[in-house]
1. Have a look at 92, 115 and point out the one that is assigned to a helix (DSSP H, G or I) and either within 17 Å of residue 14 (Cβ to Cβ) or not assigned by TED's automatic domain parsing to the domain that holds residue 64 (or both).
2. Which of (1) surrounded by 13 or more Cβ atoms within 10 Å (Cβ to Cβ); (2) more than 21 Å from residue 190 (Cα to Cα) does residue 276 not meet, given it meets every other one?
3. Give the residues of segment 101-134 that are under 30 Å from residue 18 (Cα atoms) and under 17 Å from the mean Cα position of the chain (by Cα), sorted by residue number.
4. Can you tell me which residues in segment 175-191 are hydrophobic (A, V, I, L, M, F, W, C) and either surrounded by fewer than 20 Cβ atoms within 10 Å (Cβ to Cβ) or touching a Phe, Trp or Tyr at 6+ places or on another chain (Cβ under 8 Å) (or both)?
5. Does any residue of segment 135-154 turn out to be modelled with pLDDT of 85 or more, farther than 10 Å from residue 220 by Cα and under 24 Å from the mean Cα position of the chain (by Cα)?
6. Looking at segment 80-107, which of its residues are farther than 30 Å from residue 63 by Cβ and in contact (Cβ under 8 Å) with a residue 60 or more places away in the chain?
7. For residue 126, are the conditions met, namely being at pLDDT below 90 and part of a helix (DSSP H, G or I)?
8. Out of all the residues in segment 5-23, which are part of a loop (DSSP other than H, G, I, E, B) and either on the phi > 0 side of the Ramachandran plot or touching a strand residue (DSSP E or B) at 6+ places or on another chain (Cβ under 7 Å) (or both)?
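The values are calculated or read from the model by the stated rules, or taken from the named source; none is laboratory data. Quick caveat: nothing in here was measured; it's all calculated off a predicted structure. Because the Cβ atoms are built from the backbone with ideal geometry, glycine has one as well, and the counts that use them run over all protein chains shown.
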Amino acid sequence: NDLRQSEYEPLRFLAEIGKRSLLVLNKTDLYTESEIELILNQLQERVADFIPSADVVAVCAKPQPVQLENGELAEPEPEIFPLIKRLAAVLRAEGEDLVADNILLQSQRLGEEARRIIDKQRRRQADKIIDRFQWIGAGVIAVTPLPVVDLLATAAVNAQMVVEIGKVYGCELNMERGRELAMSLGRTLVSLGVVKGALQMVATALQLNVATYVAGKAIQGVTAAYLTRIAGKSFIEYFRQDQDWGDGGMTEVVQRQFQLVQKEEFMKGFVKDAIARVVQPIKASLEDDDEDEIEEPELEEIAVPPPVSLAEPTTEEDWEWDTKRVDNDW
């Protein structure tokens with residue numbers, strides 16, 4: 001029990017970040033000379049990997065009172081000279097280096113904080129780009145629906161959006177490279193079943209909040225916006241990591257983003273925006289005066305569907321059959 005784990009771990013951590021430490025054995029007045037020597041040896045062995053033996057010293061900061069011959073209690077002087085001596089030696093030999101190391105550590109912390117601030121600002125800029133493209137695309141597709149649902153993946157991942165997000169992160173891409181990345185991610189959305197899952201989520205959400213006839217006309221546009229969000233967020237992660245998808249590749253990033261956009265808090269806000277930006281304009285353009293009035297629900301009143309799970313990647317034949325079935329349902 002020379003050194004508790006709760007004491008050992010902070011010492012090791014300080015050493016790992018470049019901090020110089022002295023280990024002090026206090027209350028030596030409670031031990032005999034041989035016990036002090038034994039404990040010092042044990043401490044030196046325990047911390048030998050990151051603290052020199054000379055930096056392990058013994059002191060007595062507040063000795064126990066001793067009884068004099070006349071019966072009075074006296075408090076001996078503190079015995080801290082070994083610590084003072086070692087501190088003086090360290091400062092004399094390494095003082096300038098220690099000051100420099102401390103400044104460097106503070107600079108590193110400032111650098112980390114600066115990186116966090118920059119990353120936050122970049123995310124905010126990239127989110128604005130995603131938001132702009134998702135509703136532009138939604139409006140276009142709502143007016144001119146696609147003949148096959150799986151084409152939503154291609155329509156939702158805009159090459160210009162990829163280029164603009166890359167620029168936010170200091171990556172200058174030409175349109176050709178933007179199209180390559182967009183097409184690659186679009187294929188991933190289809191192969192993972194994300195398009196199908198997004199379609200189910202959006203269809204259910206619109207059915208819960210909007211008259212069926214209008215919802216049917218809006219589903220493709222809103223789904224495109226939903227997919228654009230997934231794609232855009234995936235590209236943020238790609239560019240944040242210096243154009244690297246990470247160990248799990250594009251597949252893992254896309255799956256993670258699909259899970260995030262299914263959260264209730266996000267879905268409520270998304271459905272509310274979709275009603276305002278896509279559903280209401282469609283409703284306004286309908287000439288049928290018999291359609292029921294659709295009021296934009298308050299955020300708290302928005303109903304959201306439960307999350308969906310991604311199935312195993314489907315074959316092209318299975319996918320075409322599935323998407324046609326969904327089209328027919330509407």
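1. So the residue among 92, 115 that is assigned to a helix (DSSP H, G or I) and either within 17 Å of residue 14 (Cβ to Cβ) or not assigned by TED's automatic domain parsing to the domain that holds residue 64 (or both) is 115.
2. Tallying (1) surrounded by 13 or more Cβ atoms within 10 Å (Cβ to Cβ); (2) more than 21 Å from residue 190 (Cα to Cα), residue 276 fails exactly one: (1).
3. 112, 113, 114, 115, 116, 117, 118, 119, 120
4. The answer is 175, 181, 183, 185, 190.
5. No.
6. 94, 98, 101, 104, 105
7. no
8. 18, 22 - these are the residues of segment 5-23 that are part of a loop (DSSP other than H, G, I, E, B) and either on the phi > 0 side of the Ramachandran plot or touching a strand residue (DSSP E or B) at 6+ places or on another chain (Cβ under 7 Å) (or both).
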